[in-house]
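Engineer: Mind having a look at this structure? Questions to follow.
The values are calculated or read from the model by the stated rules, or taken from the named source; none is laboratory data. What you see is a predicted model, and the numbers here were worked out from it, not measured in a lab. Here the Cβ positions follow ideal geometry from the backbone for every residue, glycine too, while neighbour counts run over all protein chains shown.
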Amino acid sequence: MIISSGFLSYELRKTELIRNWDIVSDVFYQLPASKYGAFIVVMGIVWVIFFNAAGLYDENVNRKFINQMSKIVVASTAGIAAVVIFLFFKREFLFSSRFIVLSAWALTICMVFLGRVLIRIVRRIFLHYYITAIPIIVIGNDRTTNHFIEQVNKQRQWGYRIVDQVVTLDQLKKKIAHINPQEVIVTDINYSKEKVNQFLTFCQNHHIDFKYAPDNFSAQLHNIEMEDIAGFPFLEIKRTPLEGWGKVKKRIADVIMSIVALIIFLIPGSIIVVIIRLTSPGEIFVKLVRVGEGGKLFKIYKFRSMVKDAHVMKKYLLKYNERTGPLFKIKKDPRITTFGRFLRRFSLDEIPNFYNVLLGNMSIVGPRPHEPEEVAQYHVHFKKLLTIKPGITGIAQISGRSNLNFDEEARLDLYYIENWNIKLDISIILKTPIAVFIRNDGAV
């Protein structure tokens with residue numbers, strides 16, 4: 001792709017349109033095509049080195065497709081910088097065409113990216129039939145394990161094929177005698193450290209890759225800093241990367257995206273306002289009390305999707321709650337209006353949330369905003385969910401919508417808090433429309 005981009009730039013340079021745009025054309029043609037070709041091959045090798053340094057040839061790069069575009073741009077920019085430096089010192093190779101330098105850079109980015117898109121499409125086709133999928137054995141039998149198995153079987157593009165499920169080390173030993181898995185994954189977070197270490201030792205001795213789902217404390221250990229106090233070494237577990245400049249960057253992105261979203265949804269929102277007014281009595285918007293950053297209460301704005309005085313009816317419906325934990329959810333909630341079901345099906349009732357983002361009490365991405373009575377039932381280790389602002393969307397929403405129980409949802413949100421970065425936000429935002437349109441939570 002890199003070499004092809006170089007030769008394509010060379011040929012495009014000959015077109016009449018480009019020759020008129022590029023001021024100096026004769027100087028360029030002093031470099032013969034054969035000599036230029038040798039130069040492109042050498043520089044192509046240099047660019048491959050930059051691509052490798054950027055991690056574009058990592059084994060798991062296909063699983064992080066959202067990161068590839070930025071890496072391609074950075075590596076290509078470094079490559080073109082190397083070309084410019086080389087031309088500066090090697091006068092005999094000098095040509096004054098601005099077009100060939102800029103077009104080679106742009107074409108390389110486009111062609112490499114498109115090539116990777118094609119490879120990803122082919123890979124997904126293969127994985128649909130479990131070709132090249134990694135065979136794994138799952139260890140565990142709790143709800144998290146069952147949900148993991150269900151999602152892996154549905155999402156074949158993840159590249160895994162579950163060949164068996166066991167609970168004990170003895171069962172694993174028996175399975176290994178007949179099955180040749182590439183990885184073993186412990187998904188039950190209730191296993192003791194001793195038990196996990198037994199599985200780890202066994203897998204290492206049998207040259208099998210090992211993964212496990214950490215508990216809430218272990219999941220934080222990557223986000224640490226070493227500090228020396230009075231000669232004693234201490235590890236400080238940072239609360240979240242969303243401190244200092246991280247918080248500033250996220251706030252700037254929130255303001256920009258919320259303004260853009262409010263402009264985009266201005267006409268659809270106006271249509272929704274009219275339909276709500278015509279189809280059911282009551283206010284257009286509802287203001288619901290939620291718990292925000294630092295435990296502060298705020299009012300979240302939504303399009304009304306329920307009948308008037310729906311909150312009064314909730315206490316009579318609590319016995320029908322279908323979710324475990326402090327959250328309340330029933331699939332066929334009688335309080336929801338007909339049009340309200342449509343709004344909720346596509347999350348259109350949450351459009352006014354962007355106004356909350358603009359006000360500063362919500363973020364585009366973050367944990368789900370919960371009601372005060374729900375927060376009152378939090379286990380003590382879930383209080384950390386209140387470290388940052390709640391979000392319109394989040395990692396839990398794209399990982400199972402309302403099918404997740406509260407512990408699973410909280411664990412995902414805690415992971416987000418501990419691992420935040422701009423790329424993670426972009427990834428969640430891009431995956432949100434897919435989660436909305438391909439829902440599996442039984443919504444009507």
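Engineer: With the requirement that a residue be surrounded by 18 or more Cβ atoms within 10 Å (Cβ to Cβ) and either at pLDDT 90 or above or closer than 18 Å to Ile131 by Cα (or both), what does the stretch 177-190 give you?
Structural biologist: Hits for the stretch 177-190 are Pro181, Val184, Ile185, Val186.
Engineer: Okay, next question. Please determine whether any residue of the stretch 6-26 is under 28 Å from the mean Cα position of the chain (by Cα) and at pLDDT 60 or above.
Structural biologist: Filtering the stretch 6-26 for residues under 28 Å from the mean Cα position of the chain (by Cα) gives none.
The answer is no, given that none of the residues of the stretch 6-26 is under 28 Å from the mean Cα position of the chain (by Cα) and at pLDDT 60 or above.
Engineer: Can you tell me how many residues within the stretch 273-303 are of a type in the set (Val, Ile, Thr) and part of a loop (DSSP other than H, G, I, E, B)?
Structural biologist: Taking the stretch 273-303 as the starting set, the residues that turn out to be of a type in the set (Val, Ile, Thr) are 273-276, 279, 284, 286, 289, 291, 300.
Then keep just the ones that are part of a loop (DSSP other than H, G, I, E, B); that gives 284.
Looking only at that region, the number is 1.
Engineer: Please tell me if Ile185 is within 30 Å of Phe406 (Cβ to Cβ), free of Cβ contacts under 8 Å to residues at least 60 places away in the same chain and either assigned to a helix (DSSP H, G or I) or within 26 Å of the chain's Cα centre (by Cα) (or both).
Structural biologist: It is true that Ile185 is within 30 Å of Phe406 (Cβ to Cβ), free of Cβ contacts under 8 Å to residues at least 60 places away in the same chain and either assigned to a helix (DSSP H, G or I) or within 26 Å of the chain's Cα centre (by Cα) (or both).
Engineer: Just one of Val312, Val380, Val273, Val289 is of a type in the set (Val, Ile, Thr), surrounded by fewer than 16 Cβ atoms within 10 Å (Cβ to Cβ), at pLDDT 90 or above and out of contact with any helix residue (DSSP H, G or I) (no Cβ under 9 Å at 6 or more places or on another chain); which is it?
Structural biologist: None of the others qualify; the one that does is Val273.
Engineer: Still on this structure, I have one more. Which condition breaks for Trp420 when tested against (1) modelled with pLDDT of 80 or more; (2) within 22 Å of Asp142 (Cα to Cα)?
Structural biologist: Condition not satisfied by Trp420: (2).
Engineer: Return the only residue of Lys389, Lys331 being modelled with pLDDT under 90 and basic (Lys, Arg).
Structural biologist: Lys331
Engineer: With the checklist (1) outside any helix (DSSP H, G or I); (2) at pLDDT 75 or above in hand, flag the one item Phe95 doesn't pass.
Structural biologist: It fails just one condition, (2).
Engineer: Could you please find all residues in the stretch 160-176 being over 25 Å from Thr132 (Cα atoms) and touching a Gly at 6+ places or on another chain (Cβ under 9 Å)?
Structural biologist: Val167 - this is the single residue of the stretch 160-176 that is over 25 Å from Thr132 (Cα atoms) and touching a Gly at 6+ places or on another chain (Cβ under 9 Å).
Engineer: With the requirement that a residue be within 20 Å of Tyr57 (Cβ to Cβ) and touching a Ser or Thr at 6+ places or on another chain (Cβ under 6 Å), what does the stretch 106-121 give you? Show your work before the answer.
Structural biologist: Kept after step one, since they are within 20 Å of Tyr57 (Cβ to Cβ), are these residues of the stretch 106-121: 108-121.
Result: Thr108, Ile109, Met111.
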